[in-house]
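Written below as structure tokens is the structure these notes are about.
The values are calculated or read from the model by the stated rules, or taken from the named source; none is laboratory data. Everything numeric here is computed off the predicted structure, so don't read it as measured data. So basically every Cβ, Gly included, is an ideal-geometry build from the backbone, and we count neighbours across all protein chains shown.
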Amino acid sequence: MSDTAQEKINKNPIFNPAGNDDLSARTIIKWSTTGLFNLNAVKYPWAKSLYQVMVGNFWLPEKVSGLKDDQRDFTSVLNADEQRAYKWILSFLIFLDSIQTVNLPNFSNYITSPEINLLLSIQAYQEAIHSQSYATILESVIAPEDREGIHYFWRDNAILLKRNQHIGQIYQNFVDSPTDETFFRGLVANFLLEGLYFYNWFAFFDTLVDHMKMPATGRMIAYIRRDELTHVTLFSNILREIKREFPAIYSETIIEEMTRTAVDQEIEWAQHILGNRIPGINGESTAEYTRWLANQRLSMLGIAPIYTDAIKNPYKHLDRLQDPNADKWNFFETTVINYTQSSNMAGSWDF
């Protein structure tokens, strides 16, 4: 990143009659558009394709059945360590989706591509749905006297508080002082949050499903994960466009530095919350998975692996559970696919 990294960037005006909507001149940030959403003329074709997928992913938490059965599983099938991890992992996920819902409009204030503004709006809506999903899980599965403690577990857990403060501070730095560097760091933080932080803990719930436990929670997580994949894709595309259009702002060094910090935090949290007490998933295997997943995310940005020994996914059951084309164990992914509303959307912004 160049010496101009601390250059202040300005919010988009709501309406700018003097703006220029010419596609040949438009850039993803730092342009002056009218503010009009002319979605028949888009600069970034990938955004139109992603819109179709994101809108087609429409779902509602109350449509996911079986959570009452999970309540019985929670008390009679899960052991004490699994119950503890279930609750505290939910606590972290609740924080992540809460902060995403609030912060995404801050990014949109500086994006000068209407089609990408639209995607960020959809993402914010989906994050709100995810927050509702976790509330539905808590109300259906967890005893009333334990719910408040799950929401505010970070008050009593120093490791989780440190994690939450780290993520929140990156976003707050951008909001308080919007410069090229704080904006870029905010985008990278979002990419890592969506692609690394969420996915690690989806793996816990998938592992329970693989052991025939908590299938309704697994279905809910499958819907959420499907949304999050589009969010990872959105921010990887934004970062690639910034690299192409504003190479002085783009910094591979910052991406690698922030990725290493995220991986270290994930490993510390996994050792703390999982240890070696839960069948099928533990702190050591999650450390291996985290490094492998970080390499996969970096590859989306065209960056070489930084964990050269992490060459395979240690959780083979995740490939079964997360691949909609798999021949076996497709029970909840099939439900997810069948619930899509997008069958008549191909090639159009319209339903």
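Assorted remarks:
- Being outside any helix (DSSP H, G or I), at pLDDT 95 or above and within 22 Å of Leu193 (Cβ to Cβ) is a description that applies to Ile303.
- If only residues of segment 183-216 that are β-branched (Val, Ile, Thr) and over 18 Å from Thr259 (Cβ atoms) are counted, the one that is farthest from the chain's Cα centre (by Cα) is Val209.
- Qualifying residue in segment 66-76 (condition: touching a strand residue (DSSP E or B) at 6+ places or on another chain (Cβ under 8 Å), touching a residue at least 24 places away in the same chain (Cβ under 8 Å) and not in a loop (DSSP other than H, G, I, E, B)): no
- Gln165 meets the conditions (1) surrounded by fewer than 20 Cβ atoms within 10 Å (Cβ to Cβ); (2) in contact (Cβ under 8 Å) with a residue 12 or more places away in the chain in every case but one. The failed one is (2).
- Total residues in segment 103-157 satisfying the condition of being surrounded by fewer than 19 Cβ atoms within 10 Å (Cβ to Cβ), in contact (Cβ under 8 Å) with a residue 40 or more places away in the chain and among the charged types (D, E, K, R): the figure is 1.
- Residue satisfying all of: in segment 259-315; among the polar types (S, T, N, Q) and over 15 Å from Phe204 (Cα atoms); farthest from the chain's Cα centre (by Cα) among these: Thr308
Residue by residue, here is whether (1) in contact with a Lys or Arg (Cβ under 7 Å, 6 or more places away or on another chain); (2) hydrophobic (A, V, I, L, M, F, W, C); (3) at pLDDT below 80; (4) more than 22 Å from Leu208 (Cα to Cα) holds:
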position: Thr286; (1), (2), (3), (4): no, no, no, no
position: Tyr289; (1), (2), (3), (4): no, no, no, no
position: Glu333; (1), (2), (3), (4): no, no, yes, no
position: Asn338; (1), (2), (3), (4): no, no, yes, yes
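- Here Leu229 passes the criteria (1) part of a helix (DSSP H, G or I); (2) closer than 30 Å to Thr112 by Cβ; (3) in contact (Cβ under 8 Å) with a residue 40 or more places away in the chain except the one numbered (3).
- Counting only residues that are in contact with a Ser or Thr (Cβ under 7 Å, 6 or more places away or on another chain) and among the hydrophobic types (A, V, I, L, M, F, W, C), segment 37-46 holds 0 of them.
- Some residue of segment 102-114 being in contact with a helix residue (DSSP H, G or I) (Cβ under 6 Å, 6 or more places away or on another chain) and either at pLDDT below 95 or among the β-branched types (Val, Ile, Thr) (or both): yes
- Within segment 34-65, being of a type in the set (Phe, Trp, Tyr) and either part of a helix (DSSP H, G or I) or touching a strand residue (DSSP E or B) at 6+ places or on another chain (Cβ under 7 Å) (or both) holds for Trp46, Tyr51.
- Among the residues of segment 252-288, those identified as crowded, with 21+ Cβ neighbours inside 10 Å and not in a helix (DSSP H, G or I) are Leu274, Ile278, Ile281.
- Of all residues in segment 183-217, those satisfying the criterion of being outside any loop (DSSP other than H, G, I, E, B) and farther than 21 Å from Trp269 by Cα are Phe183, Phe184, Arg185, Gly186, Leu187, Val209, Asp210, Pro215, Ala216, Thr217.
- Among the residues of segment 169-186, the one identified as surrounded by fewer than 20 Cβ atoms within 10 Å (Cβ to Cβ) and in contact with a Phe, Trp or Tyr (Cβ under 8 Å, 6 or more places away or on another chain) is Pro178.
- Among the conditions (1) of a type in the set (A, V, I, L, M, F, W, C); (2) at pLDDT 95 or above; (3) closer than 23 Å to Ser140 by Cα, Ile28 misses just one, which is (3).
- Pick from segment 289-322, criterion surrounded by 20 or more Cβ atoms within 10 Å (Cβ to Cβ) and basic (Lys, Arg), ranking: farthest from Asp264 (Cα to Cα): Arg297
Yes/no matrix, rows are residues, columns are (1) among the β-branched types (Val, Ile, Thr); (2) closer than 30 Å to Asn173 by Cα; (3) free of Cβ contacts under 8 Å to residues at least 12 places away in the same chain:
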{"residue": "Ile9", "(1), (2), (3)": "yes, yes, no"}
{"residue": "Asn12", "(1), (2), (3)": "no, yes, no"}
{"residue": "Phe15", "(1), (2), (3)": "no, yes, no"}
{"residue": "Thr27", "(1), (2), (3)": "yes, yes, no"}
{"residue": "Trp31", "(1), (2), (3)": "no, yes, no"}
{"residue": "Val42", "(1), (2), (3)": "yes, no, no"}
